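Below is one structure, written out as structure tokens; the observations come after it.
The values are calculated or read from the model by the stated rules, or taken from the named source; none is laboratory data. It should be emphasised that the depicted structure is a prediction, and the values quoted were computed from it without experimental measurement. Using ideal geometry, Cβ is built from the backbone for each residue, glycine included, and neighbour counts are taken over all protein chains shown. Side chains included, ligands, DNA and RNA excluded: accessible areas come from the protein's heavy atoms. Shrake-Rupley method; radii C 1.70, N 1.55, O 1.52, S 1.80 Å.
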Amino acid sequence: MTENDKQHPDSQQEDLFSKQDIDTTIKGLEKASDTWIDQAVEKTQAISGNTYIKLDCGLLTVDQINYFLNSMPFELTFADDNNQFLYYNNMKPTEEMLAGRKSSQIGNAIAYCHPPRARKGAAAVVHMLRTGQKKKFRLAVPGNGPDKCILHDYIAMHDEKGRYRGVNEQIYDLMPDIKWYLKHTGQKLVDDPDAAADTVTGPSQHEGKVENPDVTTGPSQQE
């Protein structure tokens with residue numbers, strides 16, 4: 001066992017390489033293919049455009065769902081309970097994203113969406129969500145200085161029976177909202193000499209004790 005394994009023991013129980021199929025896996029496709037999404041659409045005859053979809057609290061066309069998700073003020077990523085990266089919202093060009101993604105990565109096992117050094121930490125976070133140790137796990141991206149506060153929120157998803165169904169990752173810069181609040185309330189930020197940790201620039205201050213997981217690149221930026 002390596003020192004990294006000792007720091008992240010839960011990572012030994014999480015398959016980031018998506019080796020096994022689950023009930024929603026589109027079988028017979030190579031997950032690492034750059035054209036996975038096109039192959040998957042063809043194989044499933046997936047609907048698009050103005051076709052209506054009944055949701056649990058509404059009725060929208062596929063186009064309307066895209067408009068809705070792409071207008072969110074944060075970057076969204078969906079990875080299923082087999083740790084396969086299946087979706088991101090197309091809100092900005094890749095080069096403008098906080099964690100730039102591209103469509104050729106869709107379908108990949110999430111192990112290949114992180115640099116090798118980040119996989120142990122990512123597996124530990126996913127395992128905490130899968131086992132219910134955490135419903136939500138937050139990481140702050142270090143090294144952005146005082147003008148940015150970039151956060152990655154990893155939120156467990158469940159079906160109507162309570163079964164774990166994957167991770168909803170939300171990535172956003174909190175600082176514009178902080179600045180708006182300060183401007184409109186006349187308040188200001190001041191240093192606190194009694195503060196125990198800098199959680200804006202240091203991602204290791206969490207109850208889950210995942211030290212330096214280095215998952216801040218998200219399921220998108222490969223080495």
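Results, tabulated for the structure shown:
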read-out: Residue within the range 75-85 that is among the hydroxyl-bearing types (Ser, Thr, Tyr), touching a helix residue (DSSP H, G or I) at 6+ places or on another chain (Cβ under 7 Å) and in contact (Cβ under 8 Å) with a residue 60 or more places away in the chain present; value: no
read-out: Matching helices (runs of 4 or more DSSP H) fully within the range 25-133 where at least 1 residues are buried (at least 20 other Cβ atoms within 10 Å of the Cβ), among the aromatic types (Phe, Trp, Tyr) and in contact with a Gly (Cβ under 9 Å, 6 or more places away or on another chain); value: 36-44
read-out: Per-region count, the range 178-191, residues within 17 Å of Gly145 (Cβ to Cβ) and open to solvent by 80 Å² or more (accessible area, probe 1.4 Å); value: 3
read-out: Residues that are open to solvent by 20 Å² or more (accessible area, probe 1.4 Å) and out of contact with any helix residue (DSSP H, G or I) (no Cβ under 9 Å at 6 or more places or on another chain), drawn from the range 134-159; value: Arg138, Val141, Pro142, Gly143, Gly145, His158, Asp159
read-out: Residues located in the range 11-58, provided they are farther than 26 Å from Ala111 by Cβ and not basic (Lys, Arg); value: Gln45, Ile47, Ser48, Gly49, Asn50, Thr51, Tyr52, Ile53, Leu55, Asp56, Cys57, Gly58
